[in-house]
Amino acid sequence: MKLYLLTSLASLATALPHYTFPALTGTSDWQYVRQTLNYQSNAGVTDVNSQAIRCYQGAGGKSASTQTVAAGSSVGFKANPNIFHPGPLQFYMAKVPSGQSISSWDGSGNVWFKIASQGPTISGGQMNWPSLNAGSVSVTIPSSTPAGDYLLRVEHIALHQASNAGGAQFYISCAQVKVTGGGTGNPSPLVSFPGAYSPNDPGIKVNIYSGTSSYTAPGPAVWRG
């Protein structure tokens, strides 16, 4: 009995640090966010060349509705339970092509543009990550984003085991949003998932405990709108 209890506690301790982004702030889980494969396990994606790196969806998952948001406004995601690991926080958007439905579009192709990237502050060789232990995160939709239906992708990259290729853990969700009051911006550069990242990118394969003096998050430049 004692051995079983110790094993159970060890397994629980291992599982607890994982997390998901199941909801937009103030809404129900998986109401506007596409249900991810880790909705029960909370485990992260480790293969940047897998289809899971896009929205971490599985076939037959719960259907999501679409939330209306105004260009220039802030959109938040709930973290469940919290962001327990150090690493960067990034947000991407992808516009649903004309003639396709947001409910069925898979987000494939060179359609994704980055709208925010939050890295660490570094002092004395120590990295401090603003999102660590956060229960929610948010991003502002650029005011010149053209109106229309979009996938809004939140990504947190846990780097506590990232000194070897495949050690970084990606925690990802995609919300369905309809942007209103938009502008005439031309979001760029556009990238695909998978395709935007390599396992050996310096922001993915990195020892954050080695006293490094800089950090560059993976992916394209941020489109400021």
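Every number in this text was worked out from the coordinates using simple rules, so none of it is lab data. All of these numbers come straight from a predicted model, not from anything done at the bench. FYI the Cβ positions are ideal-geometry reconstructions off the backbone, even for glycines, and counts take in every protein chain you see.
Values for this structure:
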{"quantity": "Whichever residue in the range 177-209 is free of Cβ contacts under 8 Å to residues at least 60 places away in the same chain and among the hydroxyl-bearing types (Ser, Thr, Tyr) and, among such residues, is nearest to Ser123 (Cα to Cα)", "calculated": "Tyr209"}
{"quantity": "Any hit, the range 172-185, residues being closer than 22 Å to Cys55 by Cα and assigned to a loop (DSSP other than H, G, I, E, B)", "calculated": "no"}
{"quantity": "The range 161-171, residues that are touching a residue at least 24 places away in the same chain (Cβ under 8 Å), among the polar types (S, T, N, Q) and part of a loop (DSSP other than H, G, I, E, B)", "calculated": "Ser163, Asn164"}
{"quantity": "Subset of the range 174-225 (residues that are loosely packed, with under 14 Cβ neighbours inside 10 Å and aliphatic (A, V, I, L, M))", "calculated": "Ala221"}
{"quantity": "From Gln90, Gln67, residue being of a type outside the set (A, V, I, L, M, F, W, C) and touching a Leu at 6+ places or on another chain (Cβ under 7 Å)", "calculated": "Gln67"}
{"quantity": "Members of the range 27-70 that are more than 17 Å from Gly195 (Cα to Cα) and among the β-branched types (Val, Ile, Thr)", "calculated": "Thr27, Val33, Thr36, Thr66, Thr68, Val69"}
{"quantity": "Test: Tyr209 is in contact with a Pro (Cβ under 9 Å, 6 or more places away or on another chain) and either assigned to a loop (DSSP other than H, G, I, E, B) or farther than 25 Å from Ser50 by Cα (or both)", "calculated": "no"}
{"quantity": "Checklist (1) surrounded by fewer than 21 Cβ atoms within 10 Å (Cβ to Cβ); (2) under 30 Å from Tyr209 (Cβ atoms); (3) of a type outside the set (Gly, Ala, Ser) applied to Phe91, failing item", "calculated": "(1)"}
